[in-house]
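The values are calculated or read from the model by the stated rules, or taken from the named source; none is laboratory data. Keep in mind that this is a model prediction, so the values were computed, not measured. We place every Cβ from the backbone using ideal geometry, glycine too, and count neighbours over all the protein chains shown. Note: accessible area is taken over every heavy atom of the protein model, side chains too, but ligands, DNA and RNA are not part of it. Shrake-Rupley method; radii C 1.70, N 1.55, O 1.52, S 1.80 Å.
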Amino acid sequence: GPAGGADLAGAAGPGAALVASAAGRPWTMPTWNRRLPARLLRRASHAVLALPLTRVFARIRVEGTGRLAGIDGPVVFAANHQSHLDTPVILAALPRRLRARVAVAMSKEFFDAHFHPEGHGLAERWASGALYDLAALFFNAFPLPQREAGARRSLRYIGDLLGDGWSLLIFPEGERSASGLIGTFKPGVGLIGSRLSVPVVPVGLVGVDRVLHRTWKVPRPGRVTVAFGEPLALEGEDYAALAAQVETAVRALATGGRRSAPEP
């Protein structure tokens, strides 16, 4: 699933940017999914299939949309991570003008069979590659390594996204919660917000794990809350402290959402 690690990896330049992996083999960051044909297909699929289907299972209560009214440029949406449904739930909760310009950071390690095929069977490699391409196409997702070096290149790639007017959705815990409790936010979100001077919007999710828990294969209908906080301006080089600031804001939103959300 999407993630936000302490180590960022990425690359600069137009086209498919090459990145050196830990083993020294190059891999590509997607740019094709921001071209017009992919954007048109993604917008149509969201309107016709992905978001309506999400709303069938997740009955979404949205809080704090007024805090998004003043956003007129790219931001980083930073949310707690409960489920594979987190991304479509957040997209469904966003105003249309913001939803259409979001790129999603996803854990590169989740697609290990695609990026490091050695040691994986043919079927596993094919499934991982297909899932990666579908995520890149339908959710404008890109891989964000958590265990490989390359922070400078990753910042450059994310900077290109922001410079082109795309907002970023990141899950700074780095993995989905098994208990529903919020884990420690990794420093990457602080580094991105501070080094790239981009506002960070905290997002608190409640109940998405009761619709699709990380151990489930099939979702179950339920009520969820998506709460948007005030954009944060992060400054300084203590990235762990800045990440903790974002984490505190997300925890407050999730706690408030838990109080206001009716039981499923």
Are there any pairs, at least 6 apart or on different chains, whose C-beta atoms fall under 7 Å, with the first in the stretch 36-56 and more than 12 Å from Leu91 (Cα to Cα) and the second open to solvent by 80 Å² or more (accessible area, probe 1.4 Å), and if so, which? Ala38/Trp32
In the set Leu234, Leu168, Leu242, the lone residue that is in contact with a Leu (Cβ under 7 Å, 6 or more places away or on another chain), in a loop (DSSP other than H, G, I, E, B) and crowded, with 20+ Cβ neighbours inside 10 Å is Leu234
Read through the list (1) touching a helix residue (DSSP H, G or I) at 6+ places or on another chain (Cβ under 8 Å); (2) part of a helix (DSSP H, G or I); (3) surrounded by fewer than 24 Cβ atoms within 10 Å (Cβ to Cβ), then give the number of the only condition that Thr184 fails. (2)
Could you name every one of the strands (runs of 3 or more DSSP E) located completely within the stretch 27-107 that has at least 2 residues being of a type in the set (D, E, K, R)? 58-63
Among the residues of the stretch 190-201, are any part of a strand (DSSP E or B), without any contact (Cβ under 8 Å) to a residue 60 or more places away in the chain and touching a helix residue (DSSP H, G or I) at 6+ places or on another chain (Cβ under 7 Å)? no
Suppose we filter Arg176, Arg210 for residues that are buried (at least 17 other Cβ atoms within 10 Å of the Cβ), more than 22 Å from Ala69 (Cα to Cα) and out of contact with any strand residue (DSSP E or B) (no Cβ under 9 Å at 6 or more places or on another chain); which single one remains? Arg176
Selected residue (only one of Ala105, Ala79 is at pLDDT 95 or above, open to solvent by less than 10 Å² (accessible area, probe 1.4 Å) and of a type in the set (Gly, Ala, Ser)): Ala79
Counting only residues in the stretch 50-76 that are out of contact with any helix residue (DSSP H, G or I) (no Cβ under 7 Å at 6 or more places or on another chain) and under 25 Å from Leu161 (Cβ atoms), the one most open to solvent (accessible area, probe 1.4 Å) is identified as Asp72
In the stretch 245-257, what residues are open to solvent by 30 Å² or more (accessible area, probe 1.4 Å) and either of a type outside the set (Ser, Thr, Tyr) or not in a helix (DSSP H, G or I) (or both)? Gln245, Arg251, Ala252
